[in-house]
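Working notes, structure below.
The values are calculated or read from the model by the stated rules, or taken from the named source; none is laboratory data. A quick note: this is a predicted structure, and the numbers were derived from the prediction, not measured. With ideal geometry, Cβ positions are generated from the backbone for all residues, glycine too; neighbour counts draw on all protein chains shown. Each accessible area value is taken on the protein alone, full model and side chains, heavy atoms only, with ligands, DNA and RNA left out. Shrake-Rupley method; radii C 1.70, N 1.55, O 1.52, S 1.80 Å.
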Amino acid sequence: MADLSTPLSAFMTRTAGPGALAGLVRLSGGANMESWAFDWAGAAYVLRRAPSAEYMEGRPYGHPVEAALVRAAHAGGVKAPEVVGVLADADGIGTGYVMRRVIAEVSPAKILPDPPPSLVADLGRELARIHALPRAAIPEGIPVMDTAEALAELKARFLSYGGDRPAIALAIGWCEDHLPAPADPVLVHGDYRMGNVMVDTDGLAAVLDWELAHLGDAHEDLAFGCMTVWRFGRLDKPAFGVGNLEDYFAAYEAAGGRSVDRDRFRFWLVYRTLWWALGCLQMGQAWRSGADTTVERVVVGRRTAEQELDLIRLLEEEAPEAERQRALPLPTDRAPTPKGEPTNREMVQAVRDWIEGAIKPKAEGHAKFEAVVAMNALGIVMRDLEAGTRAEDRALAGALLAGEKTLAEPGLLAKLRRAVLDKCAIDSPKYAALAAARAEWRG
């Protein structure tokens, strides 16, 4: 933090005038970028940054373009933050930009139990405003997404990761078979969901995290926040965990958004669930390569199991009724626990208990967040060692990709259901959709 204070003070003096830096603290979370809150001359700001230019390699555009887009959105009436300055190489603190801080709630855990009555309508209206931004206002460097090319890239990545997860293979094949006709491109936020919007008592206060923005199909944005994972356990409220889809669609259309095509919406719901499944797998690759060696990367890498469960729940309606009613195979028997020397599981348990009792209580801010992530990682390992369940099946995945097997095959859906249930129980036992799937599938 001391290394950041001096150059940040110099940057703010140049950008906002004389003042003193106070209250500098890293905000918890942030899967890709760091966020630092601070005060300067009595006003509240947030620094959004990557610690180095190398961290930005492979991204379609850098922070200067992202900041220009946020400025364009703010100027166009979207509830985007106000950017006050963009870091330069000479500032010596990586790449990024500083925004005025919006004082509102961002945590889904705090918003969703009692959301403002207007929130579903606000989300639809704000998305329509984003999609209505004129092409001339969008900065150079924002890419155009070709859906067929993007799907082919997802498939290539899947194969590069081993090509051995049947649920993912099933989803890729389904998307190939249901690829929609190209749509007139609009500005797509790309990450429009709970966790990336701020809410106060009056409703939606700000739209954050514009790093995935591109030009593409409006339905991609419409669907993303409705994925099961981004409803944070509110499975009965398919629109962002806040309300129903028809109210959301109606608000979007009333604010000038194009007419919602339900089939196109379903395609994007499957596609983005598939995209996030591969995004989770990519986290593991980032850790293995040394690009990001934080424990958070490997933990998020195991969230692939959540998306595989969701993909089967989304696609099971493609199976005949008899297959949807078929009983599940029995779960794999667990090996008895040895009574001699401590097992691997018991050693991991000891380390996890030590972190919980000795490290976490003394940690603050981001360090406490990291301690919790480490405990989650060790919990996954403990359950994995006990269960001995694997999700990989290269032969079945290959047959599904090639169309040699479909959900019409007797017993295949039941096998896939059992596999995703068992894997999610190891990797994300508190995932709300797991309990729902067990009840629906009697597993």
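For beta carbons closer than 6 Å, sequence separation of 6+ or different chains, a first residue in the stretch 125-148 that is over 21 Å from Val197 (Cβ atoms) and a second that is open to solvent by 70 Å² or more (accessible area, probe 1.4 Å) and at pLDDT below 95, the qualifying pairs are Pro143/Pro60.
Number of residues in the stretch 48-83 that are at positive phi and either at pLDDT 95 or above or of a type in the set (Val, Ile, Thr) (or both): the value is 1. Close contacts from the stretch 338-364, counting a first residue that is within 17 Å of Gly388 (Cβ to Cβ) and a second that is of a type outside the set (S, T, N, Q) and open to solvent by 80 Å² or more (accessible area, probe 1.4 Å), with Cβ to Cβ under 6 Å and a gap of 6+ residues or different chains, come to Asn344/Leu385; Arg345/Leu385. Here the condition is being under 30 Å from Leu413 (Cβ atoms), at pLDDT 95 or above and small (Gly, Ala, Ser); of Ala132, Ala148, Ala137, it holds for Ala148 alone.
Gly85 meets the conditions (1) farther than 30 Å from Asn244 by Cβ; (2) open to solvent by 20 Å² or more (accessible area, probe 1.4 Å) in every case but one. The failed one is (2). Selection over the stretch 323-337 of residues that are without any contact (Cβ under 8 Å) to a residue 40 or more places away in the chain and open to solvent by less than 80 Å² (accessible area, probe 1.4 Å) gives a count of 0.
Conditions (1) farther than 30 Å from Leu416 by Cβ; (2) of a type outside the set (A, V, I, L, M); (3) open to solvent by less than 50 Å² (accessible area, probe 1.4 Å), marked per residue:
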residue	(1), (2), (3)
Val98	yes, no, yes
Ile103	yes, no, no
Leu133	yes, no, yes
Ile138	yes, no, yes
Glu153	no, yes, no
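The set of residues in the stretch 83-121 being basic (Lys, Arg) and closer than 23 Å to Gly17 by Cβ consists of Arg100, Arg101. For the stretch 369-426, filtered to residues that are touching a Gly at 6+ places or on another chain (Cβ under 7 Å) and of a type in the set (A, V, I, L, M, F, W, C), the residue that is nearest to Asp333 (Cα to Cα) is Leu421. When you check Val260 against the structure, is it under 20 Å from Arg129 (Cα atoms), of a type in the set (Val, Ile, Thr) and out of contact with any strand residue (DSSP E or B) (no Cβ under 6 Å at 6 or more places or on another chain), yes or no? When the stated conditions are applied, Val260 passes them.
Candidates in the stretch 140-151 are the residues that are in a helix (DSSP H, G or I) and within 21 Å of the chain's Cα centre (by Cα); of these, the one that is surrounded by the most Cβ atoms within 10 Å (Cβ to Cβ) is Thr147. For the stretch 297-317, the set of residues classified as crowded, with 16+ Cβ neighbours inside 10 Å and over 20 Å from Arg390 (Cβ atoms) consists of Arg297, Arg313, Leu314, Leu315, Glu316, listed by residue number. Consider the stretch 158-201 and keep the residues that are out of contact with any helix residue (DSSP H, G or I) (no Cβ under 9 Å at 6 or more places or on another chain) and acidic (Asp, Glu). The one that is farthest from Gln282 (Cα to Cα) is Asp200. Gly94 meets each of the listed conditions (1) open to solvent by 40 Å² or more (accessible area, probe 1.4 Å); (2) at pLDDT below 95; (3) of a type in the set (Gly, Ala, Ser) apart from (1).
Residues that are within 18 Å of Val83 (Cα to Cα) and open to solvent by less than 20 Å² (accessible area, probe 1.4 Å) within the stretch 3-16 comprise Leu8, Phe11, Met12, listed in sequence order. Taken over the stretch 31-51, residues that are closer than 17 Å to Thr6 by Cα and surrounded by fewer than 17 Cβ atoms within 10 Å (Cβ to Cβ) amount to 4.
Yes/no matrix, rows are residues, columns are (1) under 29 Å from Gly203 (Cα atoms); (2) surrounded by fewer than 19 Cβ atoms within 10 Å (Cβ to Cβ); (3) of a type in the set (Asp, Glu):
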position	(1), (2), (3)
Ala20	no, yes, no
Arg26	yes, yes, no
Val70	yes, no, no
Val78	yes, no, no
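If we keep just the residues of the stretch 211-260 that are more than 22 Å from Ala181 (Cα to Cα) and of a type in the set (Lys, Arg), which is surrounded by the fewest Cβ atoms within 10 Å (Cβ to Cβ)? For the stretch 211-260, the residue satisfying everything is Lys237.
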